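A quick write-up on the structure given underneath.
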Amino acid sequence: MVVHTGNVRIDDAVTRFLHEMEAARDSSLHTIRAYRGDLDLFTQSLPKAESMLVTDITLEHCRSWVWAMSTKGDAASSIGRRVSSVKSLFHWMHARGDIPADTAVRLTAPKKPKHLPRVLTAPAMTSVFDSLQVRAASDDPVALRDVAIWELMYASAIRVSELVGITLADIDWADNTVKVLGKGSKERIVPFGIPARDALRAYADRGRPAISVNDNVQNLFVGARGGKLTTRTVYGVVADIIGQLPGQGPKGPHTLRHTAATHLLDGGADLRSVQEILGHASVGTTQIYTQVSSERLKAAYQSAHPRA
């Protein structure tokens, strides 16, 4: 039988909740800090702030907090994360018997606006690769590396975090595939095409050996000083070029992932295959690219058909 104490202050409840998360060791320090920040914002919004008893907090208190964040213009993604933190807290308090019912079970966050990802056109990609090849013609090791990065990311649609973790042993030259470590430490094998293979081979044979690579670095892609290539450096490599192209939206490496997925679907690839290439746990995540393809098709129709 659960006994409802009813005299727990919200600040004490938050402290215990975070302590249990930390003790369980199933949450990272980053996650715990995020929860603490979210829950601090919530408690500070209450009429009695930290001294309020958990049994006195109502669903209306929670909804008023969400409404205040929405009217202030906070991002829907931030509000959604904060609401999730508060719902976790109240679920935990109810399970412990601190409150007779889960106060926040019906609390919802505003829906995120649907923004289609930025996708580069096939002619734009061709222009980029032509420019990169001109730079790499001098056999400059960094230029060879950069063209290999662009070719592989576009060919395989891998994440930037997956790219920087690749070692030479992860490349299967005979099969034109690369082994990557994705989210949740899940490995997958991703194919790439002949242009990517040629760019990778040129970098592996002539680019990387020309760099004084640190002894402890096994990664395929390295920085100009021989250390492991960082995601920030890759962002700069990609953003410098995308920033020169027409269009609005993000300029980072994820745009190459979006572009590759969309071009695959445009070319007739089935959704399940694209899901496997991207490493999505759910096909629902991949379906955003079908919408991108549909929007591109409608735009082409409206601009070309005489009776559109």
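The values are calculated or read from the model by the stated rules, or taken from the named source; none is laboratory data. Being a predicted model, the structure only gives us computed values, none of them experimental. Here the Cβ positions follow ideal geometry from the backbone for every residue, glycine too, while neighbour counts run over all protein chains shown.
Residues in the stretch 215-233 that are part of a loop (DSSP other than H, G, I, E, B), in contact (Cβ under 8 Å) with a residue 60 or more places away in the chain and not hydroxyl-bearing (Ser, Thr, Tyr): PHE221, ALA224, LEU229. The residues of the stretch 89-125 that are surrounded by 11 or more Cβ atoms within 10 Å (Cβ to Cβ), farther than 21 Å from SER64 by Cα and under 26 Å from the mean Cα position of the chain (by Cα), listed by number, are LEU116, PRO117, ARG118, VAL119, LEU120, THR121, ALA122, ALA124, MET125. Determine whether the stretch 74-92 contains at least one residue that is within 14 Å of ALA109 (Cα to Cα) and not in a helix (DSSP H, G or I). Yes, some residue in the stretch 74-92 is within 14 Å of ALA109 (Cα to Cα) and not in a helix (DSSP H, G or I).
Within the option set SER78, SER51, being among the polar types (S, T, N, Q), more than 30 Å from ILE149 (Cα to Cα), surrounded by fewer than 15 Cβ atoms within 10 Å (Cβ to Cβ) and at pLDDT below 90 holds for one residue only, SER51.
For the stretch 237-253, enumerate the residues that are loosely packed, with under 15 Cβ neighbours inside 10 Å, closer than 20 Å to ASP140 by Cβ and not charged (D, E, K, R). Result: GLN244, single match.
How many residues are under 17 Å from PHE90 (Cα atoms) and exposed (fewer than 14 other Cβ atoms within 10 Å of the Cβ) when one looks only at the stretch 19-39? If you could, list the steps in order and put the result at the bottom.
So the first thing to find is which residues in the stretch 19-39 are under 17 Å from PHE90 (Cα atoms), and the list is 19-21, 32, 34-39.
Now drop any that are not exposed (fewer than 14 other Cβ atoms within 10 Å of the Cβ), which leaves 19-20, 37.
Residues flagged as under 17 Å from PHE90 (Cα atoms) and exposed (fewer than 14 other Cβ atoms within 10 Å of the Cβ) within the stretch 19-39 amount to 3.
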